[in-house]
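The values are calculated or read from the model by the stated rules, or taken from the named source; none is laboratory data. What you see is a predicted model, and the numbers here were worked out from it, not measured in a lab. All Cβ positions, even for glycine, are placed from backbone atoms using ideal geometry, and neighbour counts span all protein chains on display. These area figures cover heavy atoms from the full protein model, side chains too; ligands, DNA and RNA do not enter into them. Shrake-Rupley method; radii C 1.70, N 1.55, O 1.52, S 1.80 Å.
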Amino acid sequence: SGTGAFGMQISSTSTVANVTIANNFVSDITGVGSATATSNGYGINFNGTGAGGYKVYHNSVNMNTNQASGTTAAMLVTSAVTAAGALDVRDNIFANTQTTGATRYGVYSTAAASVFSSINYNDYFAQNVGFIGGSAQVSLANWQAATTQDANSFAVDPMFVSSTDLHLALGSPMIDQAFTLPAVTTDIDGQTRPIGAANDVGADE
C-alpha cells in the first residue's frame with residue numbers, strides 16, 4: 001500500500017556516527033507509489049533523529065525500474081536529519097533513469113542544505129537534479145544555488161555498462177573527474193584508485 005523501498009537505509013541517532021558508505025552499486029529499487037514522500041523507492045535513505053557523521057563516497061546508484069506514481073530518488077535525506085554538517089557527500093553518481101510515473105530526482109532532501117558539510121564532485125542524472133528547500137531544483141544550476149555547493153558536480157549521463165551493471169563504459173564522462181579521497185583507496189572490485197592522481201566518479205575505477 002505504498003511502504004517505502006530502500007537499497008540502503010542508514011539510521012543513527014548519533015551526531016558523530018563516523019559511518020562511511022563507499023563503493024556500492026544500487027539499482028532496481030522501486031515502490032508501489034505513494035503521496036507520502038518517504039513511502040516510495042529510493043536508492044540510499046538517510047534517516048534518524050540527530051544523525052550525523054556520515055561520509056558518502058564513491059557510490060553508484062541507478063533508479064532504473066519505473067514506479068507508477070509518487071516520488072523517487074537515488075538518495076533521500078529525511079527531515080529527521082537536522083545536525084549541521086551531518087553528511088559529507090562526494091564522488092557519487094546519483095542517476096534516476098526511470099521514464100514514466102513518479103516524479104524523479106537525483107537527490108530528494110526534506111532536510112535543510114546545512115546538513116551537508118560538503119557535497120561536490122557528484123553526478124546527478126535525473127528528470128530533476130534535486131529537491132531541497134521545499135521545492136524541486138530542476139537543473140544543476142538551480143541545485144547549486146539552493147545548496148550553495150556542488151561547484152564541481154555534473155548533470156550528465158554517466159554511461160553505465162547497463163542499467164544494472166554500474167561499471168563505467170568506455171568513454172564515460174565520469175572518468176578522471178573525482179576528488180581524490182584518501183579514505184577510499186580501492187573501488188568496488190578491489191582495484192586500486194590512483195594516489196595523487198585523478199580518480200573516477202562512482203564506485204568503479
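I'd like the carbon and sulfur percentage of the solvent accessible area for the chain, probe radius 1.4 Å, heavy atoms only, ligands and nucleic acids excluded. It would help to have the intermediate numbers written out before the result.
Details: 4090 of 7920 Å².
Exposed carbon and sulfur together represent 52 percent of the surface.
Using the heavy atoms of the protein chains alone and a 1.4 angstrom probe, what is the accessible area of the chain per residue in square angstrom?
Details: 7920 Å² over 205 residues.
Here the residues of the chain average 39 Å² of exposed surface.
If you put +1 on each Lys and Arg Cβ and -1 on each Asp and Glu Cβ, how big is the dipole of the chain around its Cα centre, in Debye rounded to 20?
Working: 4 positive and 13 negative charges, 123 e Å.
My answer is approximately 600 debye.
What percent do you get for the relative contact order of segment 1-94 when only Cα pairs under 8 Å and 6+ apart count? Computed over segment 1-94, the figure is 34 percent. 3J(HN,Hα) couplings calculated from phi for segment 150-157 with the Karplus curve 6.51 cos²θ - 1.76 cosθ + 1.60 (θ = phi - 60°) are, in sequence order, 6, 4, 10, 8, 10, 9, 9, 5 Hz; Gly and Pro show x. Per-peptide packing, taken as the mean over residues of other Cβ atoms within 10 Å, places 160-173, 72-85 in the sequence 72-85, 160-173 from highest down. The peptide list 186-198, 107-119, put in order of mean Cβ contacts within 10 Å with the highest first, becomes 107-119, 186-198. Highest mobility in the GNM of the chain, judged by mean-square fluctuation with C-alpha springs under 10 Å and restricted to Asn152, Asn66, Asn92, is found for Asn152. Using C-alpha pairs under 8 Å with a sequence gap of at least 6, the mean separation divided by the residue count of segment 10-155 gives a relative contact order of 20 percent. The Cα center of segment 173-197 and the Cα center of segment 8-61 differ in position by 22 Å.
Only beta bridges with both residues in the chain are counted; by DSSP, about 10 percent of them are antiparallel.
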